[in-house]
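The values are calculated or read from the model by the stated rules, or taken from the named source; none is laboratory data. This is a predicted model, so every value here is computed, not measured. Positions of Cβ are backbone-derived with ideal geometry, glycine not excepted, and every protein chain shown enters the neighbour counts. Remember, those area values only see protein heavy atoms, side chains included, never the ligands or the DNA or RNA. Shrake-Rupley method; radii C 1.70, N 1.55, O 1.52, S 1.80 Å.
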Amino acid sequence: MPAWICMTCGTQYPETDLPPSTCPICQDERQYVGREGQRWTTLADMQRHGYRNAFYQHEPYLWGIETVPEFAIGQHAKLIRTQEGNILWDCISYLDDVTVDLIRSIGGIRVIAVSHPHFYSSMVEWAERFDACIYLHVRDKHWVMRPSERIIWWDGAKYELGSECTLFHVGGHFAGSTVLLWNQGAQGRGVLLTGDTLSVSADRRYVSFMYSFPNRIPLSATIVESIRNKLEPLSFERLYGTQFDSVIETRAKDAVMRSVERYLAALKRTEES
């Protein structure tokens, strides 16, 4: 039986003869059902249609992984090489033998950590192929569409994945939205990996905050202030968002703090108009 994958959001479901009737991830107001209705595929079908995964190096010990041609919402993953084993940050839907062999050649994957449900994708498939554990924040537990004993639920403000990487719960986009701090990144000055929790702006000098990106629903001032307060104690020079080019190379923490003030000021102007 195939493990069906939603073609709109990229979420993989448990193995069944027929695909699910609906995708709860797409039915949620942060996502959407495409104009062609709910459509499904499988990894085997994706391979037959010519999908593959591309790799590129962001900086020493950090690789980006994307599926080409673009699939679902264009999820990207990041692979961090640490002395205690490789960590996959966020996940993508497509996986094949070429991808598995390439990653195994540089040490495999010890841990998968995901920022929020829009990047859960085929995380269980990846975990099984690499014999890895998946770390998710417990506040997003009800968004897991393919349960697995490999999933480890963590709670609270932070969770250390080892001496180099720590997960921090910040909320916002989803109740359990998480960022990852890699303290060895950027030549030891620190890298923050954010998923959609902080979205890098086109000019790469600011970030922004959204409840729903496709449906243009902003976050409240209270929630954005809460995100700022949770990030303020952290030290990081560089920030990577979701896409391969969504990077703030230098003084990223200053950019985040400055972005919060700009966002709050914009909300205030709207209220006063």
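Computed over all pairs of different Cα atoms, the Kirkwood value for the hydrodynamic radius of the stretch 131-202 is 13.3 Å. Could you tell me the center-to-center distance, by alpha carbons, between the stretch 1-41 and the stretch 155-221 in angstrom? That distance is 26 Å. If you look at the Cα atoms of the stretch 131-170, you get an Rg and a Dmax of 10.8, 31 Å. Think of each Lys and Arg Cβ as +1 and each Asp and Glu Cβ as -1; about the Cα centre, that makes the dipole of the chain roughly 620 debye. At a probe radius of 1.4 angstrom, the accessible area of the stretch 203-257 per residue rounds to 50 square angstrom. Using R0 = 35 Å, the C-beta based FRET efficiency linking Arg150 and Met257 works out to 0.45. If you run the Gaussian network model on the chain, springs between alpha carbon atoms under 10 Å, then out of His142, His169, His118 the most flexible one is His142.
Surface composition of the stretch 105-198: carbon and sulfur make up 46 percent of the accessible area, probe 1.4 Å.
Excluding ligands, DNA and RNA, the accessible surface per residue across the stretch 1-79 is 50 Å² with a 1.4 Å probe. This model, with +1 at the C-beta of Lys and Arg and -1 at the C-beta of Asp and Glu, gives the stretch 119-211 a dipole about its Cα centre of some 260 debye.
The orientation-averaged projected area of the convex hull spanned by the Cα atoms of the stretch 148-273 comes to 8.9 nm². Positive-end ranking of Ala157, Pro69, Gly108 along the dipole of the chain, with charges on Cβ about the Cα centre, is headed by Ala157.
Scan the chain and report its longest stretch carrying no GluC sites (Glu not before Pro) that are both in a DSSP loop and have at most 13 other Cβ atoms within 10 Å.
Value returned for the longest uninterrupted segment is 150-248.
Put simply, the stretch 1-136 fits an ellipsoid with semi-axes of 25, 15, 14 Å; these come from the alpha carbon gyration tensor as the roots of five times its eigenvalues, largest first.
The per residue volume of the convex hull around the alpha-carbon atoms of the chain is 128 Å³.
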